[in-house]
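Take a look at the structure below.
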Amino acid sequence: MSLGGLHDEAEIRGHRKTYIGAMPGRIIQNIKRAGSSNPVFILDEIDKVGRDFRGDPSSALLEVLDPEQNSSFFDNFLEMEYDLSRVLFIATANTLTTISPALRDRMETIEISGYLVEEKLEIAKRHLLPRQLENHGVKAEQLKIKKDVMEKLIDSYTRESGVRELDKRLAKIVRVTAKNIASETKYNHDLTEDSLEKILGPAKYNRDQYSGNEQAGVVTGLAWTAAGGEILFVETSISKGSGKLTLTGNLGEVMKESAILALEYLKSNAGLLKLPDNFSEKWNVHLHVPEGAIPKDGPSAGIAMATSIASAFTQRKVRKYIAMTGEITLRGKVLPVGGIKEKILAAKRANIREIVLSEENRKDVGAIKDIYIKGLKFNYVDTIMDVLDLALLRQKVSNARKIVFE
């Protein structure tokens with residue numbers, strides 16, 4: 001039962017028999033159609049339920065979904081109670097924010113993250129491609145897509161949490177193959193990356209690759225997005241000034257706060273980094289996260305920002321092939337963050353070898369299959385100083401910096 005745009009309470013409870021065209025509610029109608037009192041009942045898009053002068057359907061759904069009440073669900077058309085306690089209700093939603101708190105309280109929430117690239121590969125191989133071949137009348141031996149080409153298709157031509165866009169791209173490839181077969185045009189039965197570009201055009205999306213830490217102040221962070229994990233770069237430069245902090249890169253409020261926290265912590269703990277107490281008063285700090293067209297927010301970049309600023313001031317470069325994610329506090333504690341599985345896979349795709357995480361994220365890594373974490377080294381930390389000791393190379397401050405700080 002689709003609930004998108006539903007705004008009439010009678011759709012749930014039914015109409016009273018005194019109305020012309022009265023009928024039972026859609027709950028009872030679908031139970032009748034299923035022919036069973038204990039079916040699996042899908043309530044699709046429960047977050048799209050509306051409300052107007054005809055009533056509030058979400059309030060009517062309270063009686064449907066509450067296990068304490070639905071054994072005596074009352075339909076206005078039947079004029080009698082009906083037992084819904086044996087029905088398994090599964091509701092789907094894209095966001096919880098638009099569902100009323102009372103209704104949300106009666107449901108058990110199961111968070112489902114987007115598909116990983118590895119999962120999309122299997123879905124495409126087992127389901128999407130065979131279905132498109134059948135729909136277009138193309139035999140399996142007339143079109144073969146190898147794993148590396150399929151991965152290129154997923155990485156470079158789609159950016160989504162599901163597989164709808166991937167299905168459309170596969171449909172286009174199969175249509176071109178069907179046209180070649182029908183017109184008796186010669187073509188390569190094994191799809192290559194060159195053929196992929198001829199059919200779909202130039203790559204639409206580029207995955208970030210690790211580009212090195214050759215300059216002090218550059219740190220690799222890890223971020224979660226609806227389309228999966230991504231790596232991001234945090235860059236810091238300092239210039240003579242009065243201690244002004246500039247933040248660029250389309251950052252949200254939480255990321256801006258993380259940058260301010262990072263700088264304030266380093267100011268209050270300058271001695272631990274062997275910097276003068278007033279080290280920042282004669283220098284302006286500019287922190288930038290590339291790809292300014294894409295909004296970024298969340299606390300995950302906290303330790304990356306702190307490391308980037310510390311690296312710029314101490315001129316100690318960050319170790320190669322290391323990435324980090326974690327939230328920071330003003331006391332210097334590193335807090336756990338979410339989306340660990342997606343971030344780990346993003347790190348592997350970008351050829352990262354080491355990941356820095358909060359100690360409290362150890363349990364999240366333990367729950368991930370070995371195949372996903374093979375080849376990665378994990379470093380668990382409790383404080384920002386642990387991060388800096390781990391990530392920054394042991395080298396002296398340059399003579400120019402020494403003169404300025406002195």
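The values are calculated or read from the model by the stated rules, or taken from the named source; none is laboratory data. Nothing here was measured: the structure is a model prediction, and the numbers come from that model. A quick note on method: Cβ atoms are made from the backbone with ideal geometry, for glycine too, and the neighbour counts reach across all protein chains shown.
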Exercise. Check whether at least one residue in the range 233-241 is of a type in the set (Ser, Thr, Tyr) and surrounded by fewer than 19 Cβ atoms within 10 Å (Cβ to Cβ), and report yes or no.
Key: yes
Quiz prompt | Of residues in the range 77-95 being assigned to a loop (DSSP other than H, G, I, E, B) and among the charged types (D, E, K, R), the one farthest from Glu108 (Cα to Cα) | solution = Glu79
Self-check item: Which listed residue is more than 26 Å from Asp44 (Cβ to Cβ) and outside any helix (DSSP H, G or I), from Val149, Val138
Solution: Val138
Exercise. Among the residues of the range 96-125, count how many are assigned to a loop (DSSP other than H, G, I, E, B), surrounded by 16 or more Cβ atoms within 10 Å (Cβ to Cβ) and of a type in the set (A, V, I, L, M).
Key: 3
Self-check item: Phe53 vs. criteria of a type in the set (A, V, I, L, M, F, W, C) and modelled with pLDDT of 85 or more
Solution: no
Quiz item: Can you name the residue in the range 227-272 that is part of a helix (DSSP H, G or I) and of a type in the set (S, T, N, Q) and, of all such residues, is modelled with the lowest pLDDT?
Solution: Ser268
Quiz item: Residue check: is Met23 of a type outside the set (Ser, Thr, Tyr), in contact with a His (Cβ under 8 Å, 6 or more places away or on another chain) and free of Cβ contacts under 8 Å to residues at least 60 places away in the same chain?
Solution: yes
Practice problem: May I ask you to verify whether Lys146 is touching a residue at least 24 places away in the same chain (Cβ under 8 Å), surrounded by fewer than 13 Cβ atoms within 10 Å (Cβ to Cβ) and either assigned by TED's automatic domain parsing to the domain that holds Glu230 or closer than 20 Å to Thr225 by Cβ (or both)? | Solution: no
Self-check item: Whichever residue in the range 34-76 is in a loop (DSSP other than H, G, I, E, B) and polar (S, T, N, Q) and, among such residues, is surrounded by the most Cβ atoms within 10 Å (Cβ to Cβ)
Solution: Asn76
Quiz item: Quick check: anything in the range 301-315 part of a loop (DSSP other than H, G, I, E, B) and either within 18 Å of Asp389 (Cβ to Cβ) or over 32 Å from the mean Cα position of the chain (by Cα) (or both)?
Solution: yes
Exercise. Could you grab me the full set of residues in the range 86-95 that are surrounded by 13 or more Cβ atoms within 10 Å (Cβ to Cβ) and closer than 13 Å to Pro67 by Cβ?
Key: Val87, Phe89
Quiz item: surrounded by 21 or more Cβ atoms within 10 Å (Cβ to Cβ), of a type in the set (A, V, I, L, M), in contact (Cβ under 8 Å) with a residue 40 or more places away in the chain and in a loop (DSSP other than H, G, I, E, B) - does that describe any residue in the range 317-325?
Solution: no
Practice problem: Working only within the range 351-397, note down all residues that are basic (Lys, Arg) and part of a loop (DSSP other than H, G, I, E, B). | Solution: Arg353, Lys369, Lys374, Arg394, Lys396
Exercise. Scan the range 336-347 and report the pairs whose first residue is under 10 Å from Asn361 (Cβ atoms) and whose second residue is crowded, with 24+ Cβ neighbours inside 10 Å and basic (Lys, Arg), with Cβ atoms within less than 9 Å and a gap of 6+ or a chain change.
Key: Val337/Lys343
Quiz item: Looking at (1) at pLDDT 80 or above; (2) under 26 Å from Leu96 (Cβ atoms), which is the only condition Ile31 fails?
Solution: (2)
